[in-house]
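The values are calculated or read from the model by the stated rules, or taken from the named source; none is laboratory data. In this text, all values refer to a predicted model and were calculated from it rather than measured experimentally. With ideal geometry, Cβ positions are generated from the backbone for all residues, glycine too; neighbour counts draw on all protein chains shown. To get the accessible areas, we keep the full protein, side chains included, count just its heavy atoms, and leave off ligands, DNA and RNA. Shrake-Rupley method; radii C 1.70, N 1.55, O 1.52, S 1.80 Å.
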Amino acid sequence: EFPDPTGLKGMGKSALKGSMNLGRRFLDTTEGLYKGGDDVWKIYNYAFELQKLRNAKAKIGTDFADNASQRRTQLAAFGRHINKRVGEGLDEAMRRAAADTVRNTVPNYELVPEFIKGLRGVPLGNFIAFPAEILRTGFNTLDVAAKELESPIQAIREIGMKRLMGGVTAFGLVGSGLQKMAQTLTDTSDEEIESANRLAASWQRNSQLIPVGKDEKGNPEVVDFS
């Protein structure tokens with residue numbers, strides 16, 4: 001190498017290294033804040049789910065305070081609902097059930113399938129992980145709600161109905177959001193979506209169609225989100 005009497009070359013390297021370290025610290029801090037916020041949300045949901053179960057158990061005690069036999073029957077059904085294990089206390093079983101519900105109904109990017117993780121190497125990889133988790137937790141939410149609605153315990157059925165209504169509402173919002181975002185990415189207008197609805201089969205006339213691209217003639221290609 002040629003000598004650098006001015007020292008500018010070394011200063012340039014130091015400045016570049018300093019900028020890279022600063023950028024790395026910023027990304028680490030941002031990632032830490034994101035993970036921290038994600039953890040806070042999971043903790044909140046865990047406390048919320050656990051309190052719902054405790055309220056349901058307390059309601060059994062109140063509703064059947066004068067009927068010991070019915071109270072025992074309802075508590076036994078409650079134990080089966082939360083998959084109480086032999087030798088396990090109700091409180092411990094409720095904590096485990098609440099944790100399982102949060103694991104299955106709150107997005108957790110550690111649970112993204114390996115196939116989806118592999119797609120993170122492509123430009124839309126990280127974006128793909130988000131709807132994958134939304135679909136997983138969305139269907140799990142409806143599944144949990146269905147099981148709660150089958151319970152012989154009124155308080156559990158009430159939880160299931162509220163969960164079902166919330167899940168259906170969320171699915172409606174997610175569908176609309178995905179549709180608008182897909183329209184932007186594929187340059188598909190509202191008029192083209194309306195035309196696709198009109199040309200669809202009779203049972204799809206009111207379906208929520210998500211554009212995924214256009215064919216060689218410029219016509220939108222869609223999937224039926226409904």
Could you calculate the FRET efficiency of Arg205 with Val168 from 1/(1 + (r/R0)^6), where r is the beta carbon distance between them and R0 is 22 Å, rounded to 0.05?
-> 0.60
Cross-link pairs beyond the 28 Å C-alpha cut-off, checked among Lys162/Lys214; Lys42/Lys162; Lys42/Lys214 | Lys162/Lys214; Lys42/Lys214
Quick one: accessible area per residue over segment 137-185, 1.4 Å probe, rounded to a whole number of Å²?
-> 56 Å²
Gap separating the Cα centres of segment 64-93 and segment 156-198, nearest whole Å | 39 Å
Label-point separation in nm, Ile134 to Ala58, each point 7 Å along Cα→Cβ | 3.6 nm
